[in-house]
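Here is the structure we will look at, set down as structure tokens.
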Amino acid sequence: MALLTPEDLKNINRQLQEADSAVLRVTGLDIKGVCKALYGTSPCSEKVGIVPVTSGNGIIGNFSASLHAITQYFGFDSFVTDMPDVSGYYEAVRNEAEIILMADDHTFLAHNLNNGKIANNQPCTGIIYAEIISRNLKTESKDVLVVGLGKVGFPGAAHFVHKGFRVYGYDADKALLEKTISNLGVIPFDPSNPRKFSMIFEATPCANTIPEAIISEDCVISTPGIPCAISEELRKKYNVQLVMEPLGIGTASMLYSVL
Ligand code: NAI
Ligand code: 2YC
Ligand code: MG
């Protein structure tokens, strides 16, 4: 699994504010508005306990601090436990956390102890980034290209299908592309026979996965993928609206989904 680095998370508040502005330009709503429209919920200062986890590759610098900043940004009352792991979980519950946020190298979860609801970052991220671009005010088109059909991309593609979009899909892993075609009825995109798209969703751990031949003028690219799917040069050349942020939008989706 592609792990975040402390570098990815530097200046998380600025990254979040810039992403919020991009979401507002594309959809007419801010991130809170999109989450409310998607889940029908709104935060009311719920107490969130953030528990650092030392397993696997261990604690990632800036990760818990970023979650603290993100939860505050979205209107939650949050704290990071002093202890990690089991002791940290115990500390969170004893300090009256209503929602637990914690991540090992494979799963990042939000668990609401009051209503029992639980969320996983990967599908929640795919769904929210798909919802954002599905609300693109700039085009009537219902065609969307999804690049990367893994743990984030597949749920994103499924969300587009559910919302009635014509979904073109591509993944370097042919087996995964075949699975998505048979399960979701996605149209296979052939990179050797490119066409222009005004909406592209990307969720891969690779850079520059979106070729110039498919980028239309004023294209919207919604991408949780790290590193960025297009170069700064191409972004400027086609005036691309880029919705991209390393952790906060996906975390907001998790939290709104368990309220
Ligand atoms: P995954 O490994 O499950 O899926 C990635 C997919 O991309 C794979 O199926 C792989 O075959 C495909 N792929 C790789 N290179 C490709 C290329 N050049 N062209 C087409 N497909 C290609 O990974 P997952 O969990 O879906 O995460 C995807 C990315 O999203 C990772 O970079 C991860 O760090 C990032 N991520 C970002 C979040 C955020 O909030 N911004 C939250 C969760 C994940
Ligand atoms: O600091 C800690 O508590 C670490 N155990 C956190 C590990 C997070 C691992 N996951 C990631 O790096 C991210 C996901 C949250 C989204 C994409 N990769
Ligand atoms: Mg995000």
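The values are calculated or read from the model by the stated rules, or taken from the named source; none is laboratory data. Just so it is clear, the structure is predicted and the values come from calculations on it, not from any experiment. Glycine gets a Cβ as well: all are built from the backbone with ideal geometry, and neighbour counts include every protein chain shown. Surface accessibility is based on the protein's heavy atoms, side chains included, excluding ligands, DNA and RNA. Shrake-Rupley method; radii C 1.70, N 1.55, O 1.52, S 1.80 Å.
Results, tabulated for the structure shown:
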{"quantity": "Degrees separating the helix 121-134 axis from the principal Cα axis of the chain, which is the longest one", "calculated": "50"}
{"quantity": "Computed magnitude of the charge dipole of segment 123-245 (debye, nearest 20; Cβ of K, R +1, Cβ of D, E -1)", "calculated": "240"}
{"quantity": "Taking the chain and dividing mean pair separation by its residue count, relative contact order in percent (alpha carbons under 8 Å, at least six apart)", "calculated": "21"}
{"quantity": "Solvent-accessible area per residue, Å², over segment 123-245 with all protein chains present [probe radius 1.4 Å]", "calculated": "44"}
{"quantity": "Cα coordinate range in segment 123-245, projected on the principal axes (Å, largest first)", "calculated": "36, 27, 27"}
{"quantity": "Distance from segment 61-105 to segment 168-231 (C-alpha centre basis), Å", "calculated": "34"}
{"quantity": "Accessible surface of the chain, 1.4 Å probe, proportion on carbon and sulfur as whole %", "calculated": "53"}
{"quantity": "Dipole in debye (nearest 20) - the chain, about Cα centre, beta carbon charges: Lys, Arg +1; Asp, Glu -1", "calculated": "720"}
{"quantity": "Fraction of beta bridges assigned by DSSP in segment 72-197 that are antiparallel (%, nearest 5)", "calculated": "55"}
{"quantity": "Förster-model FRET efficiency, 41 Å R0, Lys10 and Ser182, C-beta, rounded to 0.05", "calculated": "0.50"}
{"quantity": "Packing rank of 11-17, 156-162, where each peptide gets the mean count of other beta carbons within 10 Å, highest leading", "calculated": "156-162, 11-17"}
{"quantity": "Ranked packing of 21-31, 133-143, most packed first, by mean Cβ within 10 Å", "calculated": "21-31, 133-143"}
